[in-house]
1. Go through segment 186-197 residue by residue and tally those that are open to solvent by 10 Å² or more (accessible area, probe 1.4 Å) and within 17 Å of the chain's Cα centre (by Cα).
2. Any residue at all in segment 9-31 that's part of a helix (DSSP H, G or I), aromatic (F, W, Y) and more than 20 Å from V85 (Cβ to Cβ)?
3. Residue by residue through segment 171-199, note down the ones that are assigned to a helix (DSSP H, G or I), modelled with pLDDT of 90 or more and farther than 28 Å from A225 by Cβ.
4. Could you list, in sequence order, the residues of segment 216-237 that are modelled with pLDDT of 80 or more and open to solvent by less than 10 Å² (accessible area, probe 1.4 Å)?
5. Run down L139, L179, L174 and say which single residue is open to solvent by 30 Å² or more (accessible area, probe 1.4 Å) and under 30 Å from T96 (Cα atoms).
6. Looking at (1) under 24 Å from L124 (Cβ atoms); (2) open to solvent by 30 Å² or more (accessible area, probe 1.4 Å), which one does S151 not meet, given that it meets all the others?
7. Could you check, for segment 246-264, whether at least one of its residues is modelled with pLDDT of 90 or more and either of a type in the set (S, T, Y) or outside any helix (DSSP H, G or I) (or both)?
Amino acid sequence: HLPATGLPLFIAARALLGVGEACFLVAGLAAGGDLAPPRRIGEALSLLSLSIYVGVAVGPVIGETLLGAGGYPAVWVGAAVLAAVAAGLALLAPETRPPARSTGSAPRGRLFHPGGVFPGFLMLCGTFGMAGFLTFVPLHAAALGLDGAGSALAVFGTVVIVLRLFGAKIPDRLGPVRLGASALGCTAFGLALIGVLPGQAGLLLGTAVFAAGVAMTLPAVMTMAMGRAAAEERGSVVGTTSVFLDLSFGLAPVVLAPLAAIAGYPATFIAAGALAAIGAVVLVARRTAVVPTVQPAG
């Protein structure tokens with residue numbers, strides 16, 4: 001980013017950054033599943049995904065501090081130093097890729113794993129609302145006459161972090177199907193509350209319920225996805241599932257913006273909640289078909 005003085009080079013730098021982030025997310029989640037004991041994969045994924053939320057919360061504070069101290073060059077250098085430190089720490093972690101089979105050839109994962117399609121659909125249903133929430137809650141808060149969405153975002157972040165930290169064992173105790181259906185149901189109900197209840201109290205109550213669903217969606221869905229692939233294909237199935245996560249964040253603002261213009265911001269939360277409810281119903285209806293087909297490697 002430092003030599004970027006025009007938009008084309010800046011876009012190229014952002015695209016390269018996106019490639020790195022995408023690869024690191026998939027590799028990190030797959031490695032976490034490999035390193036965790038078979039019955040604690042959900043716990044591992046809860047703690048791993050918690051680190052993402054902590055980074056999102058702390059990153060802007062660090063960035064603004066560097067911006068005030070040395071401008072945008074200090075921000076880019078600081079971010080690069082953090083990435084370099086992360087790369088060095090990653091090199092200290094043991095390799096988790098399964099060894100080559102008796103044929104002597106290295107295991108190859110599929111670029112698009114069919115086992116990740118249904119979990120990906122559930123991921124789309126669950127995170128579509130989060131993408132819509134983060135997009136429209138500042139505008140909704142302003143329409144309610146509030147000074148900003150800071151209180152709602154604080155409730156959202158607090159609930160997610162607390163549940164991921166102190167409820168990390170929940171995915172393994174309940175199982176991915178029951179937890180996934182419950183998480184999608186909470187997401188749907190919370191978004192409906194935000195859309196229906198008036199005032200700040202309704203916004204905060206709905207956000208708390210919604211955040212509880214969001215907190216458990218990723219661990220449940222990713223645990224489900226990993227159970228549908230062999231150990232050497234974990235990266236492939238995680239990559240396929242995470243595509244739907246990115247898709248939801250790309251689609252939600254585009255799809256919900258016209259609805260907001262026609263029916264108002266509450267309608268966007270209700271519509272996103274309806275999609276989460278559909279995901280919960282489909283998961284319950286297909287619960288016998290999503291039982292892990294491959295036992296996780298220890």
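The values are calculated or read from the model by the stated rules, or taken from the named source; none is laboratory data. Keep in mind that what you see is a predicted model, and the values were worked out from it rather than measured. Glycine gets a Cβ as well: all are built from the backbone with ideal geometry, and neighbour counts include every protein chain shown. Side chains included, ligands, DNA and RNA excluded: accessible areas come from the protein's heavy atoms. Shrake-Rupley method; radii C 1.70, N 1.55, O 1.52, S 1.80 Å.
1. The qualifying residues number 2.
2. Yes, some residue in segment 9-31 is part of a helix (DSSP H, G or I), aromatic (F, W, Y) and more than 20 Å from V85 (Cβ to Cβ).
3. L193, I194, G195, V196
4. If the condition is that a residue be modelled with pLDDT of 80 or more and open to solvent by less than 10 Å² (accessible area, probe 1.4 Å), then T217, P219, A220, V221, M222, M224, A225, V237 are the ones that fit.
5. L174
6. S151 satisfies all of (1) under 24 Å from L124 (Cβ atoms); (2) open to solvent by 30 Å² or more (accessible area, probe 1.4 Å) except (1).
7. yes
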